[in-house]
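**Q** Questions regarding the structure given below will be posed in turn.
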Amino acid sequence: MSRIVYVNGEYLPEEAAKVSVFDRGFLFADAVYEVTSVLGGKLIDFAGHAARLSRSLGELEMENPLTEAEWLAVHREMVARNGLEDGLIYLQVTRGAADRDFAFPEAATPTVVLFTQSKPGLAESPAAKTGIKVASVPDIRWGRRDIKTVQLLYPSMAKMAAKKLGADDAWLVEDGFVTEGSSNNAYIVKGGTIVTRNLGTEILHGITRAAVLRFAREAQMKVEERPFTVEEAQGADEAFVTSASAFVMPVVAVDGAVLGDGTPGPVALRLREIYLEESRKAAV
Ligand code: PMP
């Protein structure tokens, strides 16, 4: 079965339907979608899906690439070209392809994909006659930050929010405590003691974090792994973040409060030096 898939204005056999590996939908889950039912070759609740799509795009500061009339025409064309009687139309719009960066690209062309799924007898589901069973699970969407997934839309949005506030990056706060940076682990230093969030499902277990804490302890620096608040951070002597791409990056202000004299602190600079030196030596 070869379906006809819509990709950026073209109707293609599914084997030929492709999007870039640099697409932000693939790299950051920076995308929205809708699923519309088709019964007897007609679209069910189309206006509702079109309205929600428009709202979702707006919330992500993405242009709606098509008008509602154009969306309707594309949906109908997909029904016709695929001879769809009963089934679903899946539609996805991504922010488009751009070099990988948490910040939204200045100019990117949205990627638009639609495909159909044939579900003969969709409205006559046997399950509707018997009913279904449910099991309860904790709603932790998304509370497994210890898994390095590509579900990066919120970190990307947080970085943009921070930029709008005149900052370079965001520190994420949950229940009053800093968890981590948008794409790095967060640290404060007070009276010579380094404080960083303890490991758990709330943060990514940074590879750089592990190395930096090891080097800090080896250099007889005191380390406390525990939650800290923004207020505590604002009263700290210095702060920094760590990641594979930024190594140890000094932080000089938190929500506008300048730390110390507003220049990179000695602990951050020392740890950056040690980290780079030791890591270069051990580099493979
Ligand atoms: N926290 C988050 C949320 C991250 O995305 C990253 C890096 N991508 C880190 C921490 C730092 O991890 P690492 O030192 O392994 O790069």
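The values are calculated or read from the model by the stated rules, or taken from the named source; none is laboratory data. None of these values were measured; they are calculated from a predicted model. As a convention, Cβ positions derive from the backbone with ideal geometry for all residues, glycine included, and neighbour counts pool all protein chains shown. Accessible surface areas use protein heavy atoms only, side chains included; no ligands, DNA or RNA. Shrake-Rupley method; radii C 1.70, N 1.55, O 1.52, S 1.80 Å.
**Q** Could you work out the helix-only [θ] at 222 nm for the chain, with each DSSP H run of four or more residues adding -39,500 (n - 2.57) and the total divided by the number of residues, to the nearest 500 deg cm²/dmol?
**A** Numbers: 8 runs with 83 residues, N = 284.
Using -39500 (n - 2.57) per qualifying helix, the result is -8500 deg cm²/dmol.
**Q** Points 7 angstrom from Cα along the Cβ direction at SER118 and ILE147: gap in nanometres?
**A** A separation of 3.4 nm, rounded to one decimal place.
**Q** To continue, here is another question. Write down the accessible area per residue of the stretch 103-262 in Å², having rolled a 1.4 Å probe over the full set of protein chains.
**A** Numbers: 9230 Å² over 160 residues.
On a per-residue basis, 58 Å².
**Q** Right, next: Residue farthest toward the positive end of the dipole of the stretch 4-120, with Cβ of Lys/Arg at +1 and Asp/Glu at -1: which of SER118, TYR11, VAL93?
**A** Highest projection toward the positive end goes to SER118.
**Q** About its Cα centre, what dipole magnitude does the stretch 4-120 give when the only charges are +1 on Lys and Arg Cβ and -1 on Asp and Glu Cβ, stated in debye to the nearest 20? If you can, show how the numbers build up before the last one.
**A** Details: 10 positive and 18 negative charges, 55 e Å.
Value, rounded to 20: 260 debye.
**Q** Which is farthest toward the positive dipole end of the chain among ALA211, VAL252, SER183, measuring Cα position about the Cα centre, with Cβ charges +1 (Lys, Arg) and -1 (Asp, Glu)?
**A** Sorting the options by dipole projection puts first ALA211.
**Q** Kirkwood hydrodynamic radius, the stretch 131-279, all distinct C-alpha pairs: what's the number in Å?
**A** On the way: mean 1/r = 0.0621 Å⁻¹.
Kirkwood radius, the stretch 131-279: 16.1 Å.
**Q** What is the percent carbon and sulfur in the accessible area of the stretch 1-159, measuring with a 1.4 Å probe over the protein chains and ignoring ligands?
**A** Values: 5410 of 9740 Å².
Accessible surface attributable to carbon and sulfur in the stretch 1-159 totals 56 percent.
**Q** Name all residues of the stretch 177-191 having a backbone nitrogen under 19 Å from the label point set 7 Å from the Cα of ALA219 along its Cα→Cβ direction, giving them as ranges.
**A** It comes to 185-191, nothing else.
**Q** Over 5 Å intervals from 0, what percent of Cα-Cα pairs in the stretch 231-271 sits in each interval?
**A** 5, 28, 31, 20, 13, 2
**Q** Now for a separate question. Mean shadow of the stretch 208-251, computed from the convex hull of its alpha carbons, in nm²?
**A** On the way: hull surface 13.7 nm².
With the hull built on Cα positions only, its mean projection is 3.4 nm².
**Q** Cα-Cα pairs above 30 Å in the chain: how many percent? Mind dumping the intermediate values first?
**A** On the way: 19225 of 40186 pairs.
The proportion of pairs with Cα distances above 30 Å equals 48 percent.
**Q** For q = 0.13, 0.16, 0.24, 0.27 Å⁻¹, what log10 I(q)/I(0) does the stretch 1-65 give under the Debye formula with an equal point scatterer on each alpha carbon and no solvent?
**A** The calculated log intensity ratios at q = 0.13, 0.16, 0.24, 0.27 Å⁻¹ are -0.50, -0.75, -1.21, -1.18.
**Q** Another question, then. Taking θ as phi - 60°, what are the ³J(HN,Hα) couplings along the stretch 175-191 by the Karplus curve (6.51, -1.76, 1.60), each to the nearest whole Hz, with x for Gly and Pro?
**A** Using θ = phi - 60°, the values come out as 6, x, 10, 6, 8, 6, x, 4, 8, 6, 8, 10, 9, 10, 10, 9, x Hz.
**Q** At 4 °C and 1.567 mPa s, what whole-number value in µm²/s does Stokes-Einstein give for the translational diffusion of the stretch 1-154, with Rh from the Kirkwood sum over Cα pairs? Please list the in-between numbers first.
**A** Values: Rh = 17.3 Å.
Value of D from the Cα-based Kirkwood radius: 75 µm²/s.
**Q** Oh, and also: Tell me which lysines have Cα within less than 16 Å of LYS190's Cα, excluding those fewer than 8 residues away on the same chain?
**A** LYS222
**Q** How do LYS119, LYS42 stack up against each other in accessible area, from largest to smallest, with a 1.4 angstrom probe?
**A** Working: LYS119 85, LYS42 140 Å².
Reading off the accessible areas and sorting them downward yields LYS42, LYS119.
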